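**Q** One structure is given below, represented as structure tokens, and several questions about it will come after.
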Amino acid sequence: MIHRIERRVREGAGDPVARGILADALDLGIEGLSGVVVSDLFWIEGELSADEVGRARRELFVDPVAEEAVDGVGEQGAGAGGGAPSAHWVTILRKPGVMDPVEGSARRALAELGLTVGGVRAGRQYGLQGSISLDQCKLLVRRLLANPVVDEVHLGRHDLQKLALGRKYVMERAEVPLLDATDADLTRLSKERGLALSIAEMHAIREHFRGQRRNPSDVELETIAQTWSEHCKHKTLTGPIAYKDVVIENLLKHTIFRVTEELDKDWCLSVFQDNAGVIEFDEEYAVCFKVETHNHPSALDPYGGSATGVGGVVRDCLGCGLGARPVLNTDVFCVGPLDFAMERVPEGVLHPRRVLKGLVAGVRDYGNRMGIPTASGAVFSDPRYLANPLVFCGTVGVLPKSRVKKGPRPGDLILLAGGRTGRDGIHGATFSSEGLTPDSEAASGGAVQIGNAITEKKLVDTVLQVAEKGLLSSITDCGAGGLSSAVGEMAAGLGAVVDLDRVPLKYEGLSPTEIWISEAQERMVLAVHPKHLNEAIWIFGREEVDATVIGHFTEDKRLHLRYGGQRLANLDLEFLHHGLPRVRLTAEWDAPAFSEPMVVKRENYGEHLRRILGSVNVCSKEAILRQYDHEVQGGMALKPLVGAANDGPGDAVVLRPVLSSHKGLAVSCGMAPRFGDIDPYAMAASAIDEALRNVIAVGGNLDRVALLDNFCWGNTRRSRQLGGLVRAAQACYDVALAYGAPFISGKDSLNNEFALPAGYAEDWLCDLVPAGVAPGGPGARRPVRGRAGAAAAPAGAGGVAGATGAPGGVGGAAGAAGAAEPWTLAIPPSLLISAICVMPDVTKSVSMDLKRSGSPVYLVGRTKNELGGSHYYGLLGAVGNAVPQVDAVKGRDILEALSIAMERGLVLACHDLCEGGLAVAAAEMAFAGDQGLEMELASVPSAVDAQRDDILLFSESNTRFLVEVSPESQKAFEDLMWSCLSAGEMAPPIVPRPSHMEWALVGWTTDHKRLSIHGLEGKPVVDESLADLKAAWQGGLKL
Amino acid sequence: MNMPRVVILRTAGTNCDRETQHAFERLDAHVDLIHINRLLETPVALHAYQVLVIPGGFTYGDDLGAGKILSLELRYKLADHLVRFVQDGNLVLGICNGFQVLVKAGLLPGFTLPFSREKKRGTSVRRGRPGRPARASSARGGAGGATALAAWPQEATLTGNDSGRFEARWIRLKVSSDKSEFLKGGTSLYLPVAHGEGKFVPASPLVRDQLRDSGQVVLRYAGPEGGPAGYPGNPNGSVDDIAGVCDPTGRILGLMPHPERFADPTHHPRWTREGLVESPDGLLIFENAVRYAKTKL
């Protein structure tokens, strides 16, 4: 029997959820909505008496003070609450199989009350009041209330008759006829089964099984597909690439790994082999850091996508070494323009504002529940992220140095711990390796999952106990590819036997293949010696965490899968891990030429400054940060928001991962997607420079700083896309090596392209790319009129537009033939660099807010004529060409000089110059410190060709800092700068021209609450009140 | 010297346990983190401590309302022992989620609890002896004690913030009564909050009056000049700016702000401007608890 319980906020108490919906409806242009009555619904299956249901309602479901129960589904219940009758009712439930954590909790709590029930389902009901049409109601549902990927929607006050989930699975062992398959068969097979395997790969598999004289089982084929996916194997970055006249055998090894190898730092304890990179922290502890992307799932369901993105990377950390404790989360989002016209959003795509809201809510709900501070991050906006938002989630963990090394031994048992396995997330690894299409939402719904943070929290709590007792020989997380990847990787070099029927399931009806590849969340795979098994299971059991032996490791180098006594797979692990055919790709790159803007000399640049401050990339992210519990765990020593009113933009966070020590970690990120259109090399170099600048600005150093790379790119089967990637990777090598900062971990997400639905005209796309695109762009030699698909697809790396004004980033589908292939929209080349630095003493940290009046302010680092890709040019509607470069030799001197200055306590405030250049940095420091600032552009150390007010104000040249020094430290600071940064012949008393200097005194802090910058002619070119600047900066992002 | 003994109760979704432990350990208290399942197996273990802390977090995901499910476990399974623990003169502290748990369990404001009419603390308070076996009258556990506490009404609640979202920010607090043992000597505090459901609402105007008259509202959100806080000074819309409440004996305290997050000078959001303070505000609460607990040893 099903019992229905409905609860809502008590009349008169005011429901913030309802208020939020009303406001959002107005945004959608629905003005007739006068009120919303929101109810939570619960259906309980079980033989309960009316008294028992009443008790459950009273004691569990309905808060006696703030909430009230509503009886019955009839109209009399409908009228209650909120006064006016509702015009429309909508009931929304999670689809069966999409697990809702509330349901598990409710079951457990009912058991506390002594009520045993069969199942619980939860839902939400909205009563929409006022004069709105059915169409408007449906619009509200589609745009605001429900996501068809995970929700089922019923118009009306819906009731459930049964809760049943799944049915019993009837075993069938399916063979896939491969031995005699033709190429057409192979292609069809790969497509039908969602394997994302190329024809060359299918050939390799066919040959392998021909050698075995048998067909593969479906499980075997799936296992190979998962293992060989781009997501798991990084085929592009590790495969041979023909570029210019050389063949790069393995781009990753040739660039990123090589930095680390050549630097050979003894404090790098584990790089590029474990789930995260590990560096030494102190005598006792190591720290690990991993950043993952979760782009495709987040495009379909931003909330579930970002939440499980957090969950996944936290498990990477937990599965690093023999278990690390997560201490910090980071997040970076790239989304479309938040003010994008609603009616221009293509089908199958969510509006950027909804995407961002969902992403933030997902990170918030998962990260906060896990008790991990989310404190470091950024938001970028570009029209090309519209259909393909990027979500980067990172986790820093701490583990004893003794637990860094791991490895299972033959005979160890395979213990699966954590959540149960369901049909969620099937084919995530292969799905994420392909491009998105409008149909992705329907076809790949199963790839989207809803996380349960508390299940994962319990898992972290217990795994760490098991790890501390030394009961593990290895551990890894179940991520993309599920058990197939986790066990497959752990068993490499050994062998394993797995009994799939032992895997605990959420509901009946999963086939063994589904069990094997399900990416159900919150699971870890542990290798445990049989003698430790009982203790391990006991520890898990004490805190109600499922832990089940599902097999053991062997020595026969084969992977055996069994189910119900049948043998389903007997795979050669050597073939599985090394049988992947290498495909040579071609890369090319020619510098594009963009138009330069019409620059008009102005008397005043205040308006430009305020507009840049209000842009999404620059503006205050307080609306996001305040939703994150960024101080939990009690280790945050320099918070993401700093300054007189706790709301200024800190450069990096500093935390103490070990509470009894004042040793700390500075964590930052750098990203410069706007430069990538001009040159991905400069983009990557700038991202590294920025990440390091941010670490230095808070008092970090280059002695122990490590980097992480996350490449997100368009379709790299296109040679120009790949050429851009090669250039970016080369910059990583050059710049990181010069700075002495090794890479310790990385990840790539390629194929971030969206196949546009038929009927979207080219001119529709034109607006999505940087304006002012000019003749001479990459498309110029490759005309793009007409459907692409042939090799002439115009997708320049960076999605640069072609000469005809056709949109950048738009091209034919990869390797496709024929005119029927759709246009695609590629993201701009996007490289996120994350940096982590060990700081000996967090009490030497410096924040970016100006501290007092009357102190000298220095600009360290030279300003060049580099407005290409700048925000200033963006305002002028152009991209330009002079993209900021990095001189890492000089740069290193600058970073080290500042590091020493901070160590000696000479610096009151320090802020790096990046987006918006000097003007933005000065404004941010001033309003964050509520302290006036007066500066002279004539004093700015700058190149000879940069002697123009707008260049000095807005150039985004790298390796520059604005530094406030106390008057009493002025001499010491200047002496230090002279000794570190000035050539001998220019030592005092000769006063050199600014164009020869790497640093100079450029201004003073004042008592007035204004930012005044005098131009080269001595007249003020910026003279704004701090209140106005701050208001502009704070107004950029409302969620 | 015997150290005061503090137990921090932990369960699925607890997440401020370690920093709370650290705050106590700075003050030389002995701290055990104990999972509720262990306490349910051996409830008498509770009586080996002088201070019980229910820390911040999202117990059981706060899925049916913040702190709801843990509050049921306390009501149904530990009521008897909790009552005795307080009657014995020991302290209970609920921070954030812990406050939500105590309110929903009916322990705060706790007008009708058996010890509520007890005289103000003095020599009359009975001494709790660590490790003492449970007394026969209350050691029955199960039904007897459980029914008793389950019958006590929930007199207030902590519900969704007016802003409709989770809020993490630093706020000013005024110590508005000297009734709580945890706040002795305090006048104002600067602490962070981080919660989505922190709006304190009394069940009725009567409860509201009684709270005020009894001096049990011990912490209020304060404006810059000490006046009404307004948003965001009052980050959740709590009635009467209520941020923390104690029981009639002053030995149970629940508060939404996180004192353990201002236990080190580098916790202050503006230490890079204002310098490192000697005595972080949050420590007051732990110092008082430890000092009080020492008198019980």
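The values are calculated or read from the model by the stated rules, or taken from the named source; none is laboratory data. The structure displayed is predicted, hence computed values, not measured ones. Reconstructed Cβ throughout: ideal geometry from the backbone, glycine too, with neighbour counts over all protein chains shown. Just the protein is used for accessible areas: all its heavy atoms, side chains included, with ligands, DNA and RNA removed. Shrake-Rupley method; radii C 1.70, N 1.55, O 1.52, S 1.80 Å.
**Q** How many residues does segment B:221-233 contain that are buried (at least 24 other Cβ atoms within 10 Å of the Cβ) and farther than 17 Å from B:GLN100 by Cβ?
**A** Total satisfying the criteria: 0.
**Q** Another one. Where the second residue is crowded, with 16+ Cβ neighbours inside 10 Å and of a type in the set (Lys, Arg) and the first is within 11 Å of chain B (Cβ to nearest Cβ) and assigned to a strand (DSSP E or B) and lies in segment A:112-127, which pairs have Cβ atoms under 7 Å and are six or more apart or on separate chains?
**A** Pairs that qualify, where the first residue is within 11 Å of chain B (Cβ to nearest Cβ) and assigned to a strand (DSSP E or B) and the partner is crowded, with 16+ Cβ neighbours inside 10 Å and of a type in the set (Lys, Arg), are A:VAL120/A:ARG107.
**Q** Residue pairs, Cβ under 9 Å, 6 or more apart or interchain, first in segment B:153-173 and without any contact (Cβ under 8 Å) to a residue 24 or more places away in the chain, second among the basic types (Lys, Arg). List them.
**A** That search, which allows pairs on different chains as well, returns B:GLY164/A:ARG19.
**Q** Could you look through segment A:514-527, keep only residues that are more than 14 Å from chain B (Cβ to nearest Cβ) and among the charged types (D, E, K, R), and pick out the one that is farthest from the chain's Cα centre (by Cα)?
**A** It comes out as A:GLU514.
**Q** Still on this structure: For segment A:690-756, list the strands (runs of 3 or more DSSP E) that sit wholly inside it and hold at least 3 residues that are under 30 Å from A:VAL846 (Cα atoms); which are they?
**A** Details: elements: A:705-712, A:743-749, A:753-755.
Ranges flagged: A:705-712, A:743-749.
**Q** From the list A:ALA417, A:ALA375, pick out the single residue that is modelled with pLDDT under 95 and buried (at least 24 other Cβ atoms within 10 Å of the Cβ). If you could, list the steps in order and put the result at the bottom.
**A** On the way: A:ALA417 fails: modelled with pLDDT under 95.
Only one candidate passes the filter, namely A:ALA375.
**Q** Right, here's the next one. Among the residues of segment A:12-33 satisfying the criterion of being assigned to a loop (DSSP other than H, G, I, E, B) and more than 14 Å from every other protein chain (Cβ to nearest Cβ), which is nearest to A:GLU68 (Cα to Cα)? So that I can check it myself, show each step before the final result.
**A** Here is the first cut: in segment A:12-33, the ones assigned to a loop (DSSP other than H, G, I, E, B) are A:12-15, A:28-32.
Still in the list and also more than 14 Å from every other protein chain (Cβ to nearest Cβ): A:28-32.
Numbers: A:LEU28: 30, A:GLY29: 32, A:ILE30: 29, A:GLU31: 29, A:GLY32: 27 Å.
Top of the filtered list is A:GLY32.
**Q** I'd like the full set of residues that are assigned to a loop (DSSP other than H, G, I, E, B), over 27 Å from A:GLN521 (Cα atoms) and open to solvent by less than 50 Å² (accessible area, probe 1.4 Å), limited to segment A:128-153.
**A** Of segment A:128-153, the ones assigned to a loop (DSSP other than H, G, I, E, B) are A:131-133, A:146-150.
Imposing the further condition that a residue be over 27 Å from A:GLN521 (Cα atoms) reduces the set to A:131-133.
Across segment A:128-153, the qualifying residue is only A:ILE132.
**Q** Could you please find all residues in segment A:831-870 being out of contact with any Leu (no Cβ under 8 Å at 6 or more places or on another chain) and open to solvent by 10 Å² or more (accessible area, probe 1.4 Å)?
**A** Those that are out of contact with any Leu (no Cβ under 8 Å at 6 or more places or on another chain) and open to solvent by 10 Å² or more (accessible area, probe 1.4 Å): A:PRO840, A:ASP841, A:LYS844, A:SER853, A:GLY854, A:ARG862, A:LYS864, A:ASN865, A:GLU866.
**Q** How many residues are closer than 24 Å to A:ILE450 by Cα and in a strand (DSSP E or B) if we restrict to segment A:476-505?
**A** Total satisfying the criteria: 3.
**Q** Being open to solvent by 10 Å² or more (accessible area, probe 1.4 Å) and more than 14 Å from chain A (Cβ to nearest Cβ): is that true of B:ALA45 here?
**A** Values: open to solvent by 10 Å² or more (accessible area, probe 1.4 Å): yes; more than 14 Å from chain A (Cβ to nearest Cβ): yes.
Here the answer is yes, as B:ALA45 does meet what is asked.
**Q** May I pose another question? Return the residues of segment A:506-546 that are in a strand (DSSP E or B) and either within 29 Å of A:GLY119 (Cβ to Cβ) or open to solvent by 10 Å² or more (accessible area, probe 1.4 Å) (or both); say none if nothing qualifies. Can you show your working first?
**A** To start, the set of residues in segment A:506-546 that are in a strand (DSSP E or B) comprises A:523-528.
Answer for segment A:506-546, where residues must be in a strand (DSSP E or B) and either within 29 Å of A:GLY119 (Cβ to Cβ) or open to solvent by 10 Å² or more (accessible area, probe 1.4 Å) (or both): A:ARG523, A:MET524, A:VAL525.
**Q** Filter segment A:877-895 down to residues that are assigned to a loop (DSSP other than H, G, I, E, B), surrounded by 24 or more Cβ atoms within 10 Å (Cβ to Cβ) and at pLDDT 95 or above, then give me how many there are. First the steps, then the outcome.
**A** Taking segment A:877-895 and keeping what is assigned to a loop (DSSP other than H, G, I, E, B), we get A:877-887.
Retained after the next criterion (residues that are surrounded by 24 or more Cβ atoms within 10 Å (Cβ to Cβ)): A:878-879, A:883-884, A:886.
Of the ones still in play, those that are also at pLDDT 95 or above are A:883-884, A:886.
The number of residues fulfilling the criteria is 3.
**Q** Right, next: Find the residue count for segment B:186-206, including only residues that are crowded, with 18+ Cβ neighbours inside 10 Å and within 14 Å of chain A (Cβ to nearest Cβ).
**A** Filtering segment B:186-206 down to residues crowded, with 18+ Cβ neighbours inside 10 Å leaves B:186, B:189-202.
Narrowing further to those that are within 14 Å of chain A (Cβ to nearest Cβ): B:190-202.
Number satisfying all stated conditions: 13.
**Q** Residue check, B:GLU73 against (1) open to solvent by less than 10 Å² (accessible area, probe 1.4 Å); (2) at pLDDT below 95; (3) touching a Phe, Trp or Tyr at 6+ places or on another chain (Cβ under 8 Å), all met but one. Which one?
**A** With respect to (1) open to solvent by less than 10 Å² (accessible area, probe 1.4 Å); (2) at pLDDT below 95; (3) touching a Phe, Trp or Tyr at 6+ places or on another chain (Cβ under 8 Å), B:GLU73 is out only on (3).
**Q** Additional query: Taking only segment A:235-288 into account, find how many residues are in contact with a Pro (Cβ under 7 Å, 6 or more places away or on another chain), open to solvent by 40 Å² or more (accessible area, probe 1.4 Å), assigned to a strand (DSSP E or B) and modelled with pLDDT of 95 or more.
**A** 1
**Q** So B:THR11 clears everything in (1) at negative phi; (2) within 14 Å of chain A (Cβ to nearest Cβ); (3) of a type outside the set (Asp, Glu); (4) open to solvent by 10 Å² or more (accessible area, probe 1.4 Å) except one condition, right? Which one?
**A** (4)
**Q** Next question, about the same structure. Would you please list the contacts, defined by Cβ atoms under 7 Å and residues six or more apart or on different chains, that run from a residue in segment B:60-79 that is more than 7 Å from chain A (Cβ to nearest Cβ) and closer than 15 Å to A:ARG58 by Cα to a residue that is outside any helix (DSSP H, G or I) and among the aliphatic types (A, V, I, L, M)?
**A** B:SER71/B:ALA105; B:ARG75/B:ALA105
**Q** Restricting attention to segment A:209-233, which residues are open to solvent by 10 Å² or more (accessible area, probe 1.4 Å) and touching a strand residue (DSSP E or B) at 6+ places or on another chain (Cβ under 6 Å)?
**A** Correct list: A:ASN215 only.
**Q** Just checking, how many residues over segment B:280-296 are open to solvent by 10 Å² or more (accessible area, probe 1.4 Å) and either within 10 Å of chain A (Cβ to nearest Cβ) or not in a helix (DSSP H, G or I) (or both)?
**A** Of the residues in segment B:280-296, 2 are open to solvent by 10 Å² or more (accessible area, probe 1.4 Å) and either within 10 Å of chain A (Cβ to nearest Cβ) or not in a helix (DSSP H, G or I) (or both).
Quick grid of which residues meet (1) more than 14 Å from chain B (Cβ to nearest Cβ); (2) touching a Pro at 6+ places or on another chain (Cβ under 7 Å):
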position: A:HIS529; (1), (2): yes, no
position: A:ILE539; (1), (2): no, no
position: A:GLN566; (1), (2): yes, no
position: A:LEU576; (1), (2): yes, no
position: A:ARG582; (1), (2): yes, yes
position: A:ASN604; (1), (2): yes, no
position: A:LYS621; (1), (2): no, no
position: A:VAL632; (1), (2): no, yes
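**Q** Looking for something of a type in the set (Asp, Glu), modelled with pLDDT of 95 or more and under 21 Å from A:CYS914 (Cβ atoms) - is there at least one such residue anywhere in segment A:994-1002? Spell out how you get there, then give the answer.
**A** Of the residues in segment A:994-1002, the ones of a type in the set (Asp, Glu) are A:998.
Those still in the list that are modelled with pLDDT of 95 or more too: none.
Taking every residue of segment A:994-1002 in turn, none turns out to be of a type in the set (Asp, Glu), modelled with pLDDT of 95 or more and under 21 Å from A:CYS914 (Cβ atoms).
**Q** So which residues in segment A:34-54 are within 10 Å of chain B (Cβ to nearest Cβ) and open to solvent by 30 Å² or more (accessible area, probe 1.4 Å), if there are any at all?
**A** At the first step, the residues of segment A:34-54 found to be within 10 Å of chain B (Cβ to nearest Cβ) are A:40, A:42.
Listed by number, the list holds a single entry, A:ASP40.
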